[in-house]
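Q: One structure coming up, written as structure tokens, with questions to follow.
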Ligand SMILES: Cc1cc2nc3c(=O)[nH]c(=O)nc-3n(C[C@H](O)[C@H](O)[C@H](O)COP(=O)(O)O)c2cc1C
Ligand SMILES: CCCCCCC(=O)C(=O)O
């Protein structure tokens, strides 16, 4: 590629060149046939934008407030594990990149750097993600989140066990040392059948964790809980009943159950079920500012960005993370200007046409 990357796909190509195949496959890959992986991005292409002309767009304000936290744009770094496999500075560099762009940093508990290292490295607003781990591990997550100034807990609900990522199995993917687990479980987990990533999670997850256990989680923390991995109205209603502070529509970047729908295609179902009671966020397949615009038009308060941030990190460390986030912010700003929206509240349902609506209008 000649010159600087001009879009996220070019950052992905830089990351592919920078990383050993095993690590690139780990970051880029999805579960099984990778049907959902492809759909997550393709479904955005089937939604068109209905722009409005002759609006005064001389000043565009992308800022918003998420669970009481002001942010420069409706963009959050998605919690993703193992950043030191992308760059030696790992999540510390990612968080600094997020801080430089004034967006919220979602940190995975399965990070390579520790919670404390990330917290002391930057002043980004931070949310800490936990899986449905065994309870003593969740209690540790909560203690670390509270003592290190995190503003919310993200509970990932879609991972009672790890999805089958065939590239990792073929590559015999070796999990890195995960800072927060040092001394807690064996960090030398080995498995001759599959990737050590799978072995890691098998040792820590509690597959019996269910809706009633959210009451327990709420009893051990004062932090707001965002539930991540919701794809249906039925579960959205259960999440509201369980008292979560927000919902993240997500299929885990297509790394868990294959043949789940593209997240953007079920966003509206969840938004309608939630009836404005809590904010609804979305991740999966966001690669353009136009994708963010479409998600906001369909009712998302903000989006989370997973792989693009990792690609920026792999390509150029902290400055790559910053460039990726700035690129998406600039593209969103451009989209808002050209669509006639001065701030995020101006982006409405009537600014997009879904595939179904296009189909019906042709009949
Ligand atoms: C390499 C990788 C690791 C991930 N690790 C986690 C994790 O530890 N916890 C979690 O809740 N989600 C994890 N995710 C899912 C992301 O939080 C997010 O849902 C997904 O990446 C969004 O899709 P996108 O990559 O297309 O933006 C991971 C995703 C990737 C690509
Ligand atoms: C090395 C531990 C990896 C934990 C699982 C991370 C994850 O959620 C993923 O999709 O990968």
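Rule-based calculations on the coordinates, nothing more; no lab input. Fair warning: this is a prediction, and the values are worked out from it, not measured in the lab. Ideal geometry is used to build each Cβ from the backbone, glycine not excepted, and the neighbour counts take in all protein chains shown.
Q: Could you compute the FRET efficiency for residue 100 and residue 215, with r as their C-beta to C-beta distance and R0 at 45 Å, rounded to 0.05? Mind dumping the intermediate values first?
A: Values: r = 38 Å, r/R0 = 0.85.
Working from the Cβ atoms, E equals 0.75.
Q: Just to be sure I understand: with springs between alpha-carbon atoms less than 10 Å apart, which residue in 232, 80, 94 has the highest mean-square fluctuation in the Gaussian network model of the chain?
A: So, out of 232, 80, 94, the one fluctuating most is 232.
Q: Please give the length that would be gained between residue 38 and residue 319 if that part of the chain were fully extended, namely 0.36 nm times their separation in residues minus their C-alpha to C-alpha distance (nm, one decimal).
A: 98.4 nm
Q: Something else about it: Mind checking which of 101, 210, 342 has the largest fluctuation in a GNM of the chain, springs on alpha carbons under 10 Å?
A: 210
Q: Let me ask something else about it. Would you mind computing, in nm to one decimal, how far apart the modelled labels at residue 72 and residue 177 are, each placed 7 Å from Cα along Cα→Cβ?
A: Distance between the two pseudo-spin positions: 3.4 nm.
Q: What Kirkwood Rh does the range 8-361 have if only Cα atoms enter the pairwise 1/r average? Answer in Å.
A: One decimal place: 20.3 Å for the Kirkwood radius.
Q: Which order do 75, 169 fall in if you start with the one that has the fewest other Cβ atoms within 10 Å?
A: Values: 75 27, 169 14.
Fewest to most other Cβ atoms nearby, the residues stand as 169, 75.
Q: Which of 96, 52, 135 moves most in a GNM of the chain, Cα contacts under 10 Å?
A: 52
Q: Which of the three applies to the range 1-117, rounded, prolate or oblate, going by the alpha-carbon gyration tensor with a ≥ b ≥ c and a/c under 1.5 meaning rounded?
A: Working: a/c = 1.77, a/b = 1.25, b/c = 1.42.
Oblate, because a/c is 1.5 or more while a/b does not exceed b/c.
Q: I've got another one for you. Could you tell me what percent of the DSSP beta bridges with both partners in the chain are antiparallel, to the nearest 5?
A: 15
Q: Round to the nearest 0.05 the FRET efficiency obtained for residue 334 and residue 360 when R0 = 35 Å and r is the Cβ-Cβ distance.
A: Calculated value: 0.75.
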